[in-house]
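The values are calculated or read from the model by the stated rules, or taken from the named source; none is laboratory data. No experiment lies behind these values; they were computed from the predicted model shown. So basically every Cβ, Gly included, is an ideal-geometry build from the backbone, and we count neighbours across all protein chains shown.
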Amino acid sequence: ANIGKDLMPTEERGSIGMIKPSGWHTIKYDFVEGKYLYNRCHLIGFQLTGENANPKNLITCTRNMNAKVMLEFENKVASYIKETNNHVLYRVTP
C-alpha cells in the first residue's frame, strides 16, 4: 500500500468483533493484560488506511504482538507521514 495522509481515517474505528480470522479463539486468562490472549490484528493498521472490518486485512495474533509490537511500528509510520507529508510504501506478508 502507498500510504499517505489522504488514506488516513477521519473517523473513529468501528467494531470488528464480528470478524473471526483464521485461528481465532476467545480465551481469557487472569495473568494476561486485558484478559484476552488473542486479538484481531490489522495487517495494515487502521490508523494508516482507515480499513476497519475488512476480513482480508485482519489476522489472529496475540495481544502483546498487537498492542505493543505492531502498534509501536504503526505509530512511527503514522508520525512520519503526518510530520513530513510524505508517503510510505508499506508491505505486509502474513
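Candidates in region 13-35 are the residues that are surrounded by 13 or more Cβ atoms within 10 Å (Cβ to Cβ) and touching a helix residue (DSSP H, G or I) at 6+ places or on another chain (Cβ under 6 Å); of these, the one that is nearest to E83 (Cα to Cα) is R13. Sub-9 Å Cβ pairs linking a first residue in region 79-91 that is within 9 Å of I3 (Cα to Cα) to a second residue that is among the hydroxyl-bearing types (S, T, Y) and at pLDDT 95 or above, at least 6 apart or interchain, are N86/Y80; V88/Y80; Y90/T49, ordered by first then second residue. Are any of the residues in region 42-60 within 19 Å of A1 (Cβ to Cβ), acidic (D, E) and assigned to a loop (DSSP other than H, G, I, E, B)? Looking through region 42-60, at least one residue is within 19 Å of A1 (Cβ to Cβ), acidic (D, E) and assigned to a loop (DSSP other than H, G, I, E, B). Within region 29-41, residues that are free of Cβ contacts under 8 Å to residues at least 60 places away in the same chain and farther than 9 Å from N66 by Cα sit with their Cβ atoms under 8 Å from residues that are charged (D, E, K, R) and assigned to a loop (DSSP other than H, G, I, E, B), at 6+ positions apart or across chains, in these pairs: Y29/K35. Within region 1-12, residues that are within 9 Å of H87 (Cβ to Cβ) reach partners that are in a strand (DSSP E or B) and modelled with pLDDT of 95 or more with beta carbons closer than 6 Å, at six or more positions or on different chains, in the pairs N2/L89; I3/V88. Of all residues in region 24-41, exactly one satisfies the criterion of being part of a strand (DSSP E or B) and more than 17 Å from the chain's Cα centre (by Cα), namely K28. Every condition in (1) in contact with a Gly (Cβ under 8 Å, 6 or more places away or on another chain); (2) among the acidic types (D, E); (3) not in a loop (DSSP other than H, G, I, E, B) holds for D6 except the one numbered (1).
In this structure, V92 does satisfy being at pLDDT below 95, among the β-branched types (V, I, T) and either in contact with a Cys (Cβ under 7 Å, 6 or more places away or on another chain) or farther than 19 Å from H25 by Cα (or both). Report yes if some residue within region 72-86 is at pLDDT 95 or above and in a loop (DSSP other than H, G, I, E, B); otherwise report no. Checked region 72-86: at least one residue is at pLDDT 95 or above and in a loop (DSSP other than H, G, I, E, B).
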